[in-house]
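I have placed the structure first, in the form of structure tokens, so that the comments after it can refer back to it.
The values are calculated or read from the model by the stated rules, or taken from the named source; none is laboratory data. Keep in mind that this is a model prediction, so the values were computed, not measured. Here the Cβ positions follow ideal geometry from the backbone for every residue, glycine too, while neighbour counts run over all protein chains shown. Side chains included, ligands, DNA and RNA excluded: accessible areas come from the protein's heavy atoms. Shrake-Rupley method; radii C 1.70, N 1.55, O 1.52, S 1.80 Å.
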Amino acid sequence: MTNKTETKTVSMKELAEAFEGKYVRAASSDHYGIAIEMRRGTIEYENDLKPELWLVSRDNENNVMGSVTLDEDVVEAIEESSGTYTIIFTVAMADVDISEYKSLEQLQKERDEKQKV
């Protein structure tokens with residue numbers, strides 16, 4: 001029996017809602033065109049004049065360190081699979097994978113809990 005991972009397409013707003021109140025990690029799947037590497041940040045959605053998705057890099061005190069704004073014209077699709085979201089672009093740019101940010105402490109705790117089993 002094959003264990004098939006299901007992929008679904010979501011909107012920019014749904015992506016932002018999935019990570020509301022959480023920190024994320026964003027990383028380009030390859031390095032061509034423009035590459036994005038964000039170790040810890042937030043995702044914000046605005047729909048004033050037209051839909052925009054903001055990837056906002058933040059430090060440990062939640063201060064903004066930088067941001068990237070994506071409008072709907074450059075986003076071809078956003079796919080979700082197993083909690084990781086992939087932004088696919090219409091321009092020559094590597095896809096960006098977004099997942100929940102986990103601190104080293106959180107990762108160590110999860111590893112320790114798995115070893116107990």
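Under 1.5 on a/c is rounded, so check that first for the range 62-117, then, if it is not, pick prolate when a/b is larger than b/c and oblate when it is not; a ≥ b ≥ c are the square roots of the alpha carbon gyration tensor eigenvalues.
Details: a/c = 4.16, a/b = 1.91, b/c = 2.18.
It is oblate, given that a/c is not under 1.5 and a/b is not larger than b/c.
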Once the in-chain neighbours fewer than 8 apart are removed, the lysines whose Cα is under 30 Å from residue 13 read 4, 22, 50, 102
Counting all C-alpha pairs of the chain, share separated by more than 26 Å (%): 24
Which angle between 0 and 90 degrees, to the nearest 10, do you get for helix 104-116 versus the longest principal axis of the chain when only C-alpha atoms count? 40
Helix-only [θ] at 222 nm, the chain, -39500 (n - 2.57) per DSSP H run of 4+, per residue, nearest 500, equals -5000 deg cm²/dmol
Residue 34's amide H: which non-local residues (gap 5+, or another chain) put their own amide H closer than 5 Å, with H modeled 1.01 Å from N in plane and none for Pro or chain starts? 94
With +1 on the Cβ of every Lys and Arg and -1 on the Cβ of every Asp and Glu, the dipole magnitude of the chain about its Cα centre, in debye rounded to the nearest 20, is 640
Under a crude label model (7 Å from the Cα following the beta-carbon direction), how far is residue 111 from residue 27 in nanometres? 1.5
Solvent-accessible area per residue, Å², over the chain with all protein chains present [probe radius 1.4 Å]: 69
